[in-house]
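First comes the structure, then the notes that go with it.
We did not get these values from a lab; they are worked out from the coordinates using the rules stated. Predicted, not measured: the structure shown is a model, and the values here were computed from it. Here the Cβ positions follow ideal geometry from the backbone for every residue, glycine too, while neighbour counts run over all protein chains shown.
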Number of protein chains: 2
Amino acid sequence: MTNMTERAKALDEADPLRAVRDAFFLPEGMIYFDGNSLGAMPKSALEIVSEATQQEWATDLITSWNKAGWFALPTEYGDMLAPAIGASAGEVVICDSTSINLYKALFAGLSLRPERSVIVAEASSFPTDLYMIEGALSSRPGLEMRLSEDNLIDLIDESVAVVLVNHVDYRSGQLADVTAITAKAHEMGAVVIWDLCHSAGIMPVDLNKHNVDLAIGCTYKYLNGGPGAPAFVYCAAEHIPHISQPLSGWWGHAQPFSFETGYAPDAGIRKFLCGTQPILSFRALKAGLDVLAPLDIKDIRAKSQSLTSLFIELVEAQVPGLTLASPREAELRGSQVSFSHPEAYPIVQALIERGVVGDFRMPNILRFGFSPLYLSHADVVEAVTRLSEIMESGVWKEPRFQARSAVT
Amino acid sequence: MTNMTERAKALDEADPLRAVRDAFFLPEGMIYFDGNSLGAMPKSALEIVSEATQQEWATDLITSWNKAGWFALPTEYGDMLAPAIGASAGEVVICDSTSINLYKALFAGLSLRPERSVIVAEASSFPTDLYMIEGALSSRPGLEMRLSEDNLIDLIDESVAVVLVNHVDYRSGQLADVTAITAKAHEMGAVVIWDLCHSAGIMPVDLNKHNVDLAIGCTYKYLNGGPGAPAFVYCAAEHIPHISQPLSGWWGHAQPFSFETGYAPDAGIRKFLCGTQPILSFRALKAGLDVLAPLDIKDIRAKSQSLTSLFIELVEAQVPGLTLASPREAELRGSQVSFSHPEAYPIVQALIERGVVGDFRMPNILRFGFSPLYLSHADVVEAVTRLSEIMESGVWKEPRFQARSAVT
């Protein structure tokens, strides 16, 4: 292990992101591999949120609409996020939840292809995406959902209006071939929506480069926006004038403060807004966007690949019994590594008790998410040491690790 | 004025809610009549929000799902709100924005009347309500919106699926005759939705007593939940098993953590939930609900009527040129008083500079909202004194009060 410790030390010393760790609060002794579920708190969030509460709400009250620029936050923060996902200013807006934004994006896509009615998605999609397609089907009779197993690209033909693809599989971490899927969708005249929940902030996404039509994603994972932080919608600039979406609330109105009776959408990306946004949760998100802003997303991706590759190497060398459930090639996976084990659940619980926080995914997956903003190669070495000890000791067989909590 | 000061003093001394003022932070010298736009901050909010940020997010991270009960907050807080609006436990859920909840409620209502397609609403409705009906129409072809001028009740016939009524007119403060409208709707077999944005927390609402089918409202006005605080949906218990709504995200799933491919709604009020909720904004709302919980809503209504009646009396006696634009009879208005004046905008600006914060509503309305939780009769006397001085001095004619800000 000494060699390994030295190797990790050398990697960390050469890491251009090593100082970013100081921007985050993490509990003493915890090695946090759940940034793909809920990102850690940037230290500045506490002050930003307190300031928003005491100054903007309590003291300035309604004058904060102008003074603190509340109404502009969705596009202001959208523009901050845009470079990280390869979008241009004016193409991204922060609002609502990922699920709600997907509903908007589905109808926006359908509005571009009014003569078509098929929505294609992956059966292995993050489930709420499929639930929202079901919701769209229930609100507009005549739509059809076509689900792929491993053949998404084969399902795209000229009857398809919208293709929804998860950039990263939430279980395995496998990257979808979004380039090929997008090209095929466009060849068939379909509109593509990328779900970026597990890629935004952790790897280059290049929405503009791939002529992606629409995208949605959350901000509470690798963007470290806080629990339930507002999500985002991207729409390619060329489509914005032509799309419509049915959640047409007052924040999306061209003249929101004129209180007109009829709805007239904003001319820009704000047409994806609906109701009043939760300002305190918005402000927390700013802390995460501030950390990301000066960083090079290519550095983040490089470190992510280095961390995940090291983790796979060490687990396979030191921990018998775990089977890799993620792509072995770094360029084929997002920033997570999953292993399968028949007793994944109690092992994850025992690991958490030892300060190594990953999570369990049905039915037998140990899932580890890697945020290069606050994880080091030394953390990886230490985590695998603890995992190895747990597996050797068999401590995870104790009954207290078996009991399922309400939320897993 | 001395007599008036003494009368106000006597009224305040007899006020059973007088101690509640101490629960709120308000800037020194400000008399705040905009609690119907953004309620004041309960002092406890600052600590609750900081604690949620530092402890729940930063320290406990994903364990907060269980430890802090994040997943249960929408129904936990819904049950806290229920008594104030005459609902039972299990009939109210907190989530998303008012506009989004209205979209859900519209489709929930339509799901109870699948053979009908007409939605009736007031032309004078809060505009975003009409925008959301337009959105529903755009997502389901074949629906029809029927708008009333002053004859809502006459438009309700056996073709009507859903009647949407604003409990309080946002401009005049006039109460709708919701009892008669609800009875007529039910007589015609229609479902009724009450918009409670301007009545929740300020007066008895009695949803159960009137057999109201559905209701929605915000929590950042008289419920003091904070800027953009999550909104609420009410559904009568008898309807819950039978309704569906299309924003069917994972938080509304019967088994949200089993990651099933197909959507199966929760059996209870949680079926109105969609995506992950903004936890920090949720926590702020708790401060407002905590203040309300021990109070008697009848005391709140009585004080509200006393404050607004005194305000009308004093303005009409001391301030020539303003015309009452709210009902004179206390039982016919909510907790606001509007006056019209051709130069309403600059007068409101001059008042704000003098620490009397009301707001302007197009085209010529000065609107004053009265929260009995933090306003006293003495405040009313002082506010009218300042208004009178402004009108007499003509200070509002100065050019600096004329310039419209982006947000009015």
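Run the numbers on the range A:271-408 and let me know its relative contact order in percent, using alpha-carbon pairs under 8 Å that are six or more apart. Here the relative contact order equals 24 percent. Within a straight-line Cα-Cα reach of under 12 Å, A:LYS271 can be paired with the following aspartates and glutamates, leaving aside sequence neighbours fewer than 8 residues apart in one chain: A:GLU91. Listed from fewest to most Cβ neighbours within 10 Å, the set A:PHE126, A:PHE370 follows the order A:PHE126, A:PHE370.
Evaluated with a Cβ-only charge set (Lys, Arg +1; Asp, Glu -1), the range A:267-408 carries a dipole of roughly 780 debye about its Cα centre, given to the nearest 20. The stretch between B:GLU76 and B:ALA378, if pulled fully straight at 0.36 nm per residue, gains 105.1 nm over its current Cα-Cα span. A straight line joining the Cα centroids of the range A:58-77 and the range B:356-408 runs 21 Å.
Pairs spanning more than 31 Å between alpha-carbon atoms, out of A:LYS286/B:LYS286; A:LYS298/B:LYS67; A:LYS286/B:LYS298: A:LYS298/B:LYS67; A:LYS286/B:LYS298. Taking label points 7 Å from Cα along the Cα-to-Cβ direction, A:ARG113 and B:THR59 give a separation of 5.1 nm. For A:LYS221, a cut-off of 12 angstrom between C-alpha atoms picks up these aspartates and glutamates, skipping any fewer than 8 places away in its own chain: A:ASP34. Can you classify the range B:328-391 as rounded, prolate or oblate using the Cα gyration tensor, where a ≥ b ≥ c are the square roots of its eigenvalues, rounded means a/c under 1.5, and otherwise it's prolate if a/b beats b/c and oblate if not? Oblate, because a/c is 1.5 or more while a/b does not exceed b/c.
Under 5 Å from the amide H of B:GLY217 lie the amide H atoms of B:LEU196, B:PHE232, each residue being 5 or more positions distant or on a separate chain, with H modelled from the backbone and absent for Pro and chain starts. Taken along the Cα-to-beta-carbon direction at a fixed 7 Å, the label points for A:SER309 and A:ASP157 span 4.2 nm.
Taking each DSSP H run with n ≥ 4 as -39500 (n - 2.57) and averaging over every residue of chain B yields -10000 deg cm²/dmol at 222 nm.
Based on C-alpha pairs under 8 angstrom that are at least 6 apart in sequence, the range A:72-228 has a relative contact order of 24 percent. Rounded to the nearest 10 degrees, the angle from helix A:279-292 to the longest Cα principal axis of chain A is 60 degrees. Measuring from centroid to centroid over Cα atoms, what is the spacing of the range B:1-17 and the range A:91-155 in Å? Their Cα centres are 60 Å away from one another.
Neighbouring Cβ atoms from other chains, within 10 Å of the Cβ of residues in B:268-278, number 6 on average.
Name the residues whose placed amide hydrogens come within less than 5 Å of the amide hydrogen of B:ASP266, ignoring near sequence neighbours (fewer than 5 apart) on the same chain. HN-HN under 5 Å from B:ASP266: B:HIS253, B:ALA254, B:LYS271. Label zone of B:SER88 (point 7 Å out along Cα→Cβ, amide N under 14 Å): in the range B:220-251 this covers B:235-241.
In a GNM of chain B with a 10 Å cut-off on Cα contacts, which of B:ASN36, B:ASN224, B:ASN211 has the highest mean-square fluctuation? Maximum among the listed residues: B:ASN211. When B:VAL20, B:VAL233 are arranged by Cβ crowding within 10 Å, least crowded first, meaning fewest neighbours, the order is B:VAL20, B:VAL233. By the rule of a C-alpha distance below 14 Å, with chain neighbours fewer than 8 residues away ignored, the aspartates and glutamates paired with A:LYS104 are A:ASP96, A:ASP129, A:GLU134, A:ASP195, A:ASP213.
For A:GLU316, project a label point 7 Å along Cα to C-beta. Then give me every residue of the range A:1-20 with its amide nitrogen under 18 Å of that point. Correct set: A:4. Helix B:127-139 sits at what angle to the longest principal axis of chain B, using alpha carbons and giving 0 to 90 degrees rounded to 10? Result, in degrees: 20. To the nearest 10 degrees, how steep is helix B:178-187 against the longest Cα principal axis of chain B, on a 0 to 90 scale? The angle comes out near 30 degrees.
Scanning residues 5 or more positions from B:ASN36 or on other chains, those with amide H under 5 Å from its amide H are B:GLY369, with H placed 1.01 Å from N in the peptide plane.
If R₀ is 41 angstrom, what is the calculated FRET efficiency for the pair A:GLN402 and A:THR179, using the beta carbon separation as r and rounding to 0.05?
In this case the efficiency is close to 0.40.
If you place +1 on the Cβ of every Lys and Arg and -1 on the Cβ of every Asp and Glu, how big does the dipole about the Cα centre of chain B come out, in debye to the nearest 20?
480 debye
The mean sequence distance of close C-alpha pairs (under 8 Å, at least 6 residues apart), as a share of the length of chain B, puts its relative contact order at 22 percent.
From least to most packed, judged by other beta carbons within 10 angstrom and beginning with the fewest, B:TRP70, B:TRP57 follow the order B:TRP70, B:TRP57. Extending 7 Å from the Cα toward the beta-carbon at both B:GLU353 and B:ASN3 defines two label points whose distance is 3.4 nm. In this calculation the C-beta distance from A:GLU343 to A:GLU389 is compared with R0 = 22 Å, giving a FRET efficiency of 0.85. Given +1 at the Cβ of Lys and Arg, -1 at the Cβ of Asp and Glu and no other charges, the dipole of the range B:1-125 around its Cα centre is 340 debye to the nearest 20.
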